[in-house]
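What follows is calculated from the coordinates using simple rules that are stated; it is not laboratory data. Worth saying up front: this structure is predicted, and the values here are computed from it rather than measured. Every residue, glycine as well, gets a Cβ built from its backbone with ideal geometry; the counts of neighbours run over all protein chains shown.
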Amino acid sequence: MTRHPNRRHLIATAAALVAASALPAQAATWPNRPLKIVVGFPGGSSPDLMARLIAEPLAQALGQPVVVENRPGAGGNIGATAVARATDDHTIGLMINGNLTIAKILNPDATYDPLKELTPVSLLATAPLVLTAPLSAPADGAAFLAAARQAGDKWNYGSPGVGTVAHLGMEVLKSRAKLAPVHVPYPGNPQVITAMIGGQVQMALLPPGLAMAQVRGGKLRAIGVTSPGRSSVVPDVPSLSEAGVQNLQLEIWNAVAAPNSLPKAHVAKLSALLVDIVRRPEIREKILAQGWTVAGTNAEGLARRIQAETPVLADVIRRNQIKPGG
């Protein structure tokens, strides 16, 4: 039997190539050597998995190798700084909310300013967070929150760094549910998971893909998601609103950004190709399997998201008096 290529995929690819061909001549000959995707989190983290998922199809589209380089630490800001400082026209970054919004607001001494030194390329995918706990924790959401309330500051919670949405979101949850666990930052979520399994932390807000892999493996317990209702990404996990937490809506995202020094023609080429890649049915399915919903916006769409979210996250920082290293 003759197999026919997916027509929608071919049409989308053709459209991306037409868009790229309409760009200035300098974009047509770029890149002329391997492209580097810097990830500010360790291997196995959600941004790392996303970067490795798009690397191969992006390499095929560009005709050059695409290399993923992990530069973990400071909630992804070490990697983001490396991208902001890059001047080789062949370095981009896969980043999370905080790296592109409140890095300078959180820490005025930060070595880069995302709003001035990074150029949006594409918002790839979004997801709610899953409140996750050790297996010893109560399975019922209301019972778990009651136990956390009683434990007060004897419990800890982990996050992949100060200023990440997992950190800021937990501070919001603490105020809404009258909790008092102490924040313990880690280089990335894999270390948070290890600490939770080992009993060093009693809860964390994790991306769905990472959380549910541990839940299905019988190592952790999913308490609830941070969406107003149940999420299609993890439909079997109740919303935290079902446990009595009101007005909680938190979302994480993965996006690609570039240094301001990258010519606009190259940014436009990358944006068009990335939108095509993440919207391909086979890639969309893999992203969903990782616990994400495809966004697939162009550079302007990501810029709008940054503009809308920055003041919201900044308000959480100011109201909770969150400082670097705290």
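Sticking with the crude label model, points 7 Å out along Cα→Cβ, report the distance from GLU242 to ASP315 in nm, one decimal please. If labels sit at GLU242 and ASP315, their model points lie 2.8 nm apart.
Treat the count of other C-beta atoms within 10 Å as a stand-in for reagent exposure and order PHE41, PHE144 from fewest to most. Can you show the working numbers first?
Numbers: PHE41 31, PHE144 20.
Result, fewest neighbours first: PHE144, PHE41.
Could you list, in their original order, any pairs among LYS104/LYS269; LYS36/LYS264; LYS178/LYS219; LYS174/LYS323 whose Cα atoms are separated by more than 22 Å? Pairs exceeding the cut-off: LYS104/LYS269; LYS178/LYS219.
Over the chain, the pair-distance histogram of Cα-Cα distances with 10 Å bins from zero comes to 6, 27, 33, 21, 10, 3, 0 percent, rounded to whole numbers. Here segment 130-243 carries DSSP beta bridges of which approximately 55% are antiparallel, counting only pairs with both residues inside. Based on Cα contacts under 8 Å between residues 6+ apart, the chain shows a relative contact order of 26 percent. Helix 264-279 and the longest principal axis of the C-alpha atoms of the chain enclose an angle of approximately 60°.
Between 0 and 90 degrees, rounded to the nearest ten: what's the tilt of helix 141-151 against the longest Cα principal axis of the chain? Tilt of helix 141-151: around 60 degrees. The Kirkwood hydrodynamic radius of segment 89-129, based on inverse pair distances between different Cα atoms, is 11.6 Å. The alpha carbons of segment 172-275 give a radius of gyration and a Dmax of 17.6, 50 Å, in that order. Residues THR164, THR297, THR194 in ascending order of nearby Cβ atoms (within 10 Å, fewest first): THR194, THR297, THR164.
Over the chain, with a Gaussian network built from C-alpha contacts below 10 Å, which listed residue (GLY98, GLY75, GLY217) shows the highest mean-square fluctuation? Among GLY98, GLY75, GLY217, the largest GNM mean-square fluctuation belongs to GLY217. Note on the chain: with charges restricted to the Cβ of Lys and Arg (+1) and Asp and Glu (-1), its dipole about the Cα centre is near 260 debye. Around the Cα centre of segment 130-243, unit charges on the Cβ atoms of Lys, Arg, Asp and Glu (plus for the first two, minus for the last two) sum to a dipole of about 80 debye. Counting neighbouring beta carbons within 10 Å and listing from fewest to most, the residues LEU123, LEU302 come out as LEU302, LEU123.
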